[in-house]
1. Please count how many residues of region 64-98 are closer than 26 Å to VAL207 by Cα and out of contact with any helix residue (DSSP H, G or I) (no Cβ under 8 Å at 6 or more places or on another chain).
2. Would you point out the residue of region 118-156, among those that are among the acidic types (Asp, Glu) and open to solvent by 50 Å² or more (accessible area, probe 1.4 Å), that is modelled with the highest pLDDT?
3. How many residues are open to solvent by less than 70 Å² (accessible area, probe 1.4 Å) and more than 19 Å from LEU229 (Cα to Cα) when one looks only at region 16-51?
4. Taking region 20-29 only, how many residues are closer than 11 Å to LEU234 by Cα and in contact (Cβ under 8 Å) with a residue 24 or more places away in the chain?
5. Could you check region 69-101 and list, in sequence order, the residues that are modelled with pLDDT of 90 or more and open to solvent by 90 Å² or more (accessible area, probe 1.4 Å)?
6. Among the residues of region 182-205 satisfying the criterion of being of a type in the set (Gly, Ala, Ser) and either touching a Phe, Trp or Tyr at 6+ places or on another chain (Cβ under 9 Å) or closer than 16 Å to TYR117 by Cβ (or both), which is surrounded by the fewest Cβ atoms within 10 Å (Cβ to Cβ)?
7. Filter region 48-101 for residues that are part of a helix (DSSP H, G or I) and of a type in the set (Lys, Arg) and give the result.
8. Do you know which of the residues in region 102-114 that are within 16 Å of MET221 (Cβ to Cβ) and touching a residue at least 60 places away in the same chain (Cβ under 8 Å) is surrounded by the most Cβ atoms within 10 Å (Cβ to Cβ)?
Amino acid sequence: MDEHTPEQVPARRGMRSLTADSFSFAEAVGGVRGVVEAVLPGLVFVVVFVITEDLTASLVTAAAAALVAVVARLVQRTPVTQALGGVLGIAVGVFWAWRSGEAQDFYAWGLWTNAAYLLAFVVSILVRWPLVGLFVEAIRSGFSDPAARRGDRDAPGDTAEPADEEPEQSPFAALAAWRTDADLVRRYTIASWFWVGLFGIRLAVKVPLYLTGDVGWLGTMHLALGVPLWGLVLWLTWVVVRGAHDRRGAAG
């Protein structure tokens, strides 16, 4: 029997939410705490800059807000991965803006990463390896979690020795097997276009603001097109992907 404690059940955050039986917006975006950790540094930066027009003060307070989130998790002994990722992103933005002396460069790293993701998703669609399919099938097959692939085989107390135990299937097989299913390829392609739209909208709105140096509106759009739009695209992707999983489950 699989008896996970709450601490052992992996959080259905981000792409992991796409394999859940039901979709929780709060869980997908990391809960209230996750949203605060993602939004607060950028919010602090733009508010302080608009009020003071002091780049140094804005950068210091934004970096401090990100560091506080990590320290709080360390003190409470909770996973720091999400908060630490935010710190790294903020650190790059702080470095670029400090080096150039231009406040809008605080957001330059985000623009470059969105452009890279946009290109990657478009290319994956064109070569018929839509990235959503790779992500979802990797999660479903336990590609990043060997324990999940073993299942209950190594569960404590299970000492039975199967007479003819089949060798463990390579996780790489699942990363390619779905491409033989035309319906799966179609669904994952549609879902990948949602992500192309996400990154395309962000760039279309924020690049002109970056080029004109309108930090107030750039910061506002950065927040508005961040977690809310990300959560919406996760939900749309889940709706499309769930249909494929339901069909496969019924067929089995």
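1. So the answer is 3.
2. Looking only at region 118-156, we keep the residues that are among the acidic types (Asp, Glu), and these are 137, 145, 152, 154.
From what is left, the residues that are open to solvent by 50 Å² or more (accessible area, probe 1.4 Å) are 145, 152, 154.
Working: ASP145: 54, ASP152: 43, ASP154: 47.
Out of the qualifying residues, it is ASP145.
3. Selection size over region 16-51: 8.
4. Matching residues across region 20-29 total 4.
5. Matches in region 69-101: PHE95, TRP98, ARG99.
6. Looking only at region 182-205, we keep the residues that are of a type in the set (Gly, Ala, Ser), and these are 182, 191-192, 197, 200, 204.
When the remaining residues are screened for being either touching a Phe, Trp or Tyr at 6+ places or on another chain (Cβ under 9 Å) or closer than 16 Å to TYR117 by Cβ (or both), the result is 191-192, 197, 200, 204.
Working: ALA191: 24, SER192: 24, GLY197: 15, GLY200: 16, ALA204: 10.
The extreme case among them is ALA204.
7. Pass one, region 48-101, residues part of a helix (DSSP H, G or I): 48-52, 55-76, 81-100.
Selection gives ARG73, ARG99.
8. PHE106
The values are calculated or read from the model by the stated rules, or taken from the named source; none is laboratory data. What you see is a predicted model; the values in this text were computed from it and never measured. Cβ: placed from backbone, ideal geometry, glycine included. Neighbour counts: every protein chain shown. Surface accessibility is based on the protein's heavy atoms, side chains included, excluding ligands, DNA and RNA. Shrake-Rupley method; radii C 1.70, N 1.55, O 1.52, S 1.80 Å.
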